[in-house]
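Below is one structure, written out as structure tokens; comments come after it.
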Amino acid sequence: MKILVTGAAGRLGSRLLTELNSRGHETTGADIVGEQVVRVDVGDFVATRALVEDIKPDILIHPAGWTDVDGCAREPEKAIAINGMGTQHVALAAAQIGIPILYVSTNEVFDGELGRAYREYDATNPINPYGYSKWVGERSLLHINPKHYIVRTSWLFAHGGKNFIQSILGAAQAGKPLRVVTDEVANPTYNDDLAVAIAKLIETERYGIYHLVNEGAISRWDFARYFLDKVGYGDIALDKITSAEWVRASVPPAFAGLDNLSGKHIGITLRPWQEAVDLFLQKEGLLK
């Protein structure tokens, strides 16, 4: 297939290009920054439409977005402009030439009050500006382009980028005190595994909503304790706190684990999060 990937300079976008190329697809990456990408700002509808019409891909994959959750809380209108209206622009551009689109969304479209892992068609109810902006993107896509995949994921960790694992390990290496919340639960998800799952999904042409995460939901504290122990920091204290004690701009959903029900139905699953973390640490040269 001929595939256009937005956000191609980002961790997921760049990994998608690598994975899709390895599977024999013809890819074009687009972003506002980066090398070897076509420059486009999805906030500019005219430019986005012109790019899609020029390339004429068979499918458009749209992981581009503003993922700074606290930044979105401080500037909610900017979040909607990028994550909501930007998604509307690519959805319209894809629909106008009759191609499908895959949009990468988040577990934060849920409120965290259900008491179990969310399935794909459970009711959404975002409680923070980031989740709301991604929900706006979902709704735009649902109404504009019937040939759609919505892929929700959570707690991505990737090589070469700043994420929760690297932040905690950096603080541990610097000898800083570690405090992590116990009442925020979701699925840690390995960027490389997600890219493989997305590549498999678009080859099925089974449109719909999918939760693509590594298996198993865990608290932030248990997640941190696991990888600290794995890299030889088992003796380092990790204080337990509640989210109320961790002051930040955004309020995340408390229990927003995702259940990959739709993916399993068509044979697409991701390994348990522990195995994914072990592989990540091994590739980073950190596994003891």
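For the range 67-78, state whether one or more residues are among the basic types (Lys, Arg), closer than 27 Å to residue 188 by Cβ and at pLDDT 95 or above. Checked the range 67-78: at least one residue is among the basic types (Lys, Arg), closer than 27 Å to residue 188 by Cβ and at pLDDT 95 or above. Mind checking whether some residue in the range 258-276 is farther than 30 Å from residue 4 by Cα, assigned to a helix (DSSP H, G or I), modelled with pLDDT of 95 or more and hydroxyl-bearing (Ser, Thr, Tyr)? Within the range 258-276 (the criterion being farther than 30 Å from residue 4 by Cα, assigned to a helix (DSSP H, G or I), modelled with pLDDT of 95 or more and hydroxyl-bearing (Ser, Thr, Tyr)), the answer is no, since none of the residues qualifies. For the range 14-47, filtered to residues that are over 19 Å from the mean Cα position of the chain (by Cα) and among the hydroxyl-bearing types (Ser, Thr, Tyr), the residue that is farthest from residue 93 (Cα to Cα) is 22. Checked against the criterion of being charged (D, E, K, R) and in contact with a Phe, Trp or Tyr (Cβ under 7 Å, 6 or more places away or on another chain), the candidates 229, 235, 259 yield just one match: 259. If you filter the range 226-248 down to residues that are free of Cβ contacts under 8 Å to residues at least 24 places away in the same chain and among the charged types (D, E, K, R), you find that the one that is nearest to residue 60 (Cα to Cα) is 229. Residues that are more than 22 Å from residue 250 (Cα to Cα), touching a Leu at 6+ places or on another chain (Cβ under 9 Å) and assigned to a helix (DSSP H, G or I): does the range 109-119 have at least one? No, that holds for no residue. Look at the range 138-154: where a residue is closer than 20 Å to residue 126 by Cα and a partner is of a type in the set (Gly, Ala, Ser), sitting 6+ places away or on another chain with Cβ atoms under 6 Å, you get 138/105; 140/91; 141/91; 150/105; 152/105; 154/186. Looking only at residues in the range 243-257 that are modelled with pLDDT under 95 and outside any loop (DSSP other than H, G, I, E, B), the one that is nearest to residue 209 (Cα to Cα) is 243. Tally time: how many residues in the range 104-140 are in contact with a helix residue (DSSP H, G or I) (Cβ under 6 Å, 6 or more places away or on another chain) and under 23 Å from residue 265 (Cα atoms)? Total satisfying the criteria: 6. For residue 115, the test of being over 18 Å from the mean Cα position of the chain (by Cα), free of Cβ contacts under 8 Å to residues at least 12 places away in the same chain and surrounded by fewer than 20 Cβ atoms within 10 Å (Cβ to Cβ) is failed. Scan the range 134-156 and give yes if some residue there is in contact with a Leu (Cβ under 7 Å, 6 or more places away or on another chain), buried (at least 20 other Cβ atoms within 10 Å of the Cβ) and small (Gly, Ala, Ser), otherwise no. Yes, the conditions are met somewhere in the range 134-156. Of the strands (runs of 3 or more DSSP E) lying entirely inside the range 145-231, the ones with 2 or more residues being closer than 21 Å to residue 13 by Cβ are found at 148-153, 208-211.
The values are calculated or read from the model by the stated rules, or taken from the named source; none is laboratory data. Keep in mind the model is a prediction, meaning the values are calculated, not measured. Ideal geometry is used to build each Cβ from the backbone, glycine not excepted, and the neighbour counts take in all protein chains shown.
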